[in-house]
């Protein structure tokens, strides 16, 4: 589909991506052994959606399996500027437009995944732990044996080794465990601080 509405002219999009590609519409009602893939070109981005909006929804009885693969709703949109700077539909051979768009989508989505993974890794392994170190330092420095921020930082660095190795190993089988890293680290770090701050003083 092409939806070349102009936001600057306050034009409304032709397609409502939140509801139009749905089994509730006459055009896209579920038919046995049929699959729908939607591609919308706008002035600024490309929108891709695999299957109707309700696909995989148990309440709507849309848990469908084709060739032992469970069909699940999947969609994303990528802007031309960041992911397809050289995108053009002016091809010498129009018959190759399908392959061309598919290659561009795969390349753009790979770029998106890499950038997202980098940001998520930075957030989980550096920014969140630093916030936790700061919070625990402010909380324990008056009552515990450890007083300096550097001490809390060093313990955090050591405490992160076990959770990081544990999560890294499990993530090969269950990638979702990456989202649990900050929780596992926080518990292990808090336990380490509690043990150290409650050790008997030699003085």
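Centre-to-centre, using Cα atoms only, segment 137-165 and segment 39-97 are separated by 46 Å.
Computing Rg and the Kirkwood Rh from the Cα coordinates of the chain gives a ratio, Rg/Rh, of 1.16. Going by a ≥ b ≥ c, the root eigenvalues of the Cα gyration tensor, does segment 68-120 fall in the rounded group (a/c under 1.5), the prolate group (a/b larger than b/c) or the oblate group? Cα axes put segment 68-120 in the oblate bin.
For segment 7-87, the normalised intensity computed at q = 0.14, 0.16 Å⁻¹ comes to -0.56, -0.70 (log10 of I(q)/I(0), Debye sum over alpha carbons, equal scatterers, no solvent).
Let a ≥ b ≥ c be the square roots of the eigenvalues of the Cα gyration tensor of segment 121-197; is it rounded (a/c under 1.5), or, if not, prolate (a/b larger than b/c) or oblate? Here segment 121-197 falls in the prolate category. Taking a label point 7 Å from the Cα of residue 176 along the Cα→Cβ vector, which residues of segment 32-71 have an amide N closer than 17 Å to it? Taking a point 7 Å out along Cα→Cβ of residue 176, the residues of segment 32-71 whose backbone N falls under 17 Å are 56-59, 70-71. Counting neighbouring Cβ atoms within 10 Å and putting the fewest first, the residues 3, 16, 26 line up as 26, 16, 3.
Ranking of 64, 158 by neighbouring Cβ atoms within 10 Å, starting from the fewest: 158, 64.
The numbers here are math on the coordinates, done by the rules we state, and not lab data. Worth saying up front: this structure is predicted, and the values here are computed from it rather than measured. Ideal geometry is used to build each Cβ from the backbone, glycine not excepted, and the neighbour counts take in all protein chains shown.
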